[in-house]
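*Asks:* Before we start, here is the structure in question, set down as structure tokens.
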Amino acid sequence: DFLSFAFLPCIAFGVFGLFPPGWEWFATVPIMASGYGFCQEKAKTDDAFVGFPSYWNIVLLYLFLFELNPWINLAVVGILAVMVFVPIHYIYPTRTQLFRGVTMITCTFWGVSLLVLSIWSNETWTPMLVWASLTFPVYYLILSVVHHTRVHRSISA
């Protein structure tokens, strides 16, 4: 998991020139943060990841597709690297029971969208599909906040 979700995507930040010139070294920051996260016994519960779950392959994909300013890319990666250490409960898509059916449907749409984008990346309609594919990551973040709130309420009660 570390190799495919963290190490290789972070190396690709530099290879694809997603950071400002001379800042390629910054790819080591999320690698180190993820290394820390992967080594923590409490980084995962039965139904959630605690701290940003090192989805660097997804971050890489969207930074590449949106062709943002390299400084914005650097800021996004830096913020998410810090979020590895913030104990927010991010849903585990296949294990979290809360809205599991909706999660699996939106995740399937997302996966099909990414497959289509990988095959037909230069069509006139691909920018619209890139934006539509954000449905799942946005849903994922919203559901993670809801799940995190529920976890903390049950702990407090």
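*Asks:* Which whole-number percentage describes the relative contact order of segment 1-48, with Cα contacts under 8 Å and a sequence gap of 6 or more?
*Replies:* 39
*Asks:* Related question: Along the charge dipole of segment 1-141, Cβ charges K/R +1 and D/E -1, which of Tyr139, Leu60, Leu114 sits furthest on the positive end?
*Replies:* Going by the Cα projections, it comes out as Tyr139.
*Asks:* In whole percent, what relative contact order does the chain give with Cα contacts below 8 Å and a gap of six or more residues?
*Replies:* Worked out over the chain, it gives 23 percent.
*Asks:* Relative to the Cα centre, what is the charge dipole magnitude of the chain, using +1 at the beta carbon of each Lys and Arg, -1 at the beta carbon of each Asp and Glu, and rounding to the nearest 20 debye? Mind showing how you got there, number by number?
*Replies:* Numbers: 6 positive and 7 negative charges, 100 e Å.
Around 480 debye, computed over the chain.
*Asks:* If you take every residue apart from Cys107 with its C-beta less than 14 Å away from the C-beta of Cys107, what net charge results, scoring Lys and Arg +1 and Asp and Glu -1?
*Replies:* The answer is +2.
*Asks:* Given the DSSP H assignment, sum -39500 (n - 2.57) over each helix run of at least 4 residues in the chain and divide by its residue total; what's the result at 222 nm in deg cm²/dmol, nearest 500?
*Replies:* So the calculated ellipticity at 222 nm is -19500 deg cm²/dmol.
*Asks:* May I pose another question? Run the simple label-point estimate for Asp46 and Ile119 please: 7 Å along Cα→C-beta, distance reported in nm.
*Replies:* About 3.9 nm separates the two model spin labels.
*Asks:* Hand me the chymotrypsin sites (Phe, Trp or Tyr not before Pro) from segment 75-145 located in a DSSP loop with no more than 14 other Cβ atoms within 10 Å, in residue order please.
*Replies:* Here the sparse-neighbourhood loop sites are Phe85, Trp120, Trp125.
*Asks:* May I ask you to give the solvent-accessible area per residue for the chain, in square angstrom, as obtained with a 1.4 angstrom probe? Walk me through the numbers before you get to the answer.
*Replies:* Numbers: 9250 Å² over 157 residues.
Accessible area per residue: 59 Å².
*Asks:* On to the next question. Leaving ligands, DNA and RNA out of it, report the carbon-plus-sulfur percent of the accessible area of segment 19-157 at a 1.4 Å probe.
*Replies:* On the way: 5810 of 8250 Å².
That fraction is 70 percent.
*Asks:* Another one. Rank these by accessible area, largest first, 1.4 Å probe: Cys39, Cys10, Cys107.
*Replies:* Cys39, Cys107, Cys10
The values are calculated or read from the model by the stated rules, or taken from the named source; none is laboratory data. Just so it is clear, the structure is predicted and the values come from calculations on it, not from any experiment. Glycine gets a Cβ as well: all are built from the backbone with ideal geometry, and neighbour counts include every protein chain shown. Calculation scope for accessible area: heavy atoms of the full protein, side chains included, ligands and nucleic acids excluded. Shrake-Rupley method; radii C 1.70, N 1.55, O 1.52, S 1.80 Å.
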